[in-house]
Amino acid sequence: MEASKISSGNIELQCDKLDLIELMNQTIGEFSEKFEERDLTIIFEQSDTQALIYADSSKMGRIIENLFTNICKYAMTSTRVYIEIKLTGVDVIASVKNISQKRLSVGSEELTERFIRGDVSRSTEGSGLGLYITKCL
């Protein structure tokens, strides 16, 4: 239901200025125990200045949480997670990269489609909607 509302654009946004670096650091802190359980090392490259964006803070939080949840579930243990936020003129570009535990059975572009999983043999966890919701938001 939520995915349908989001993909149709039928959601209300409460946009305001927010610092993406601050939000990312907060969420890293919230996920620190889960990252430690998987022995994942966070490498966060960030600007020395604020990365101000105009967005809905709860939806941006949801985006980051969905990405981090996927990392905690599917990243290869004892590896690094690279997070980068850079400013290029008026744009703020964020990227999150990790190594998956199992080889992907679909292309990286397909991972953000509805009900798609990177490993087709996976049938016990998740709905395959996390990255789709993230893309739509």
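Descriptive notes on the structure:
- Among the residues of the stretch 70-80, at least one is among the charged types (D, E, K, R), at pLDDT 95 or above and under 18 Å from Q101 (Cα atoms).
- Here T134 fits the description: open to solvent by less than 50 Å² (accessible area, probe 1.4 Å) and at pLDDT below 90.
- Per-region count, the stretch 86-105, residues of a type outside the set (S, T, Y) and part of a strand (DSSP E or B): 8
- Residues located in the stretch 49-63, provided they are open to solvent by 30 Å² or more (accessible area, probe 1.4 Å) and either modelled with pLDDT of 90 or more or assigned to a helix (DSSP H, G or I) (or both): Q50, L52, I53, Y54, S57, S58, K59, M60, R62
- Evaluation of D119 against the conditions (1) open to solvent by less than 50 Å² (accessible area, probe 1.4 Å); (2) at pLDDT 90 or above; (3) of a type outside the set (G, A, S); (4) in a loop (DSSP other than H, G, I, E, B) shows that the sole unmet condition is (2).
- Identity of the residue in the stretch 8-27, in a strand (DSSP E or B) and of a type in the set (D, E), that ends up least open to solvent (accessible area, probe 1.4 Å): D19
- Checked against (1) in a loop (DSSP other than H, G, I, E, B); (2) open to solvent by less than 50 Å² (accessible area, probe 1.4 Å), I83 passes all but condition (1).
- Taking the stretch 28-43 as the range and being within 15 Å of S95 (Cβ to Cβ) and surrounded by 14 or more Cβ atoms within 10 Å (Cβ to Cβ) as the test, the residues that pass are I28, I42.
- Matching residues in the stretch 61-99 - criterion: being in contact (Cβ under 8 Å) with a residue 60 or more places away in the chain and touching a helix residue (DSSP H, G or I) at 6+ places or on another chain (Cβ under 7 Å): I63, N66, L67, T69, N70, I85, V92, A94
The values are calculated or read from the model by the stated rules, or taken from the named source; none is laboratory data. In this text the structure is predicted, and so the values were computed from the model without any measurement. Don't worry about glycine lacking a Cβ; one is built from the backbone with ideal geometry, like all the others, and counts go over all protein chains shown. Heads up: the accessible areas ignore ligands, DNA and RNA and are worked out on the full protein's heavy atoms, side chains in. Shrake-Rupley method; radii C 1.70, N 1.55, O 1.52, S 1.80 Å.
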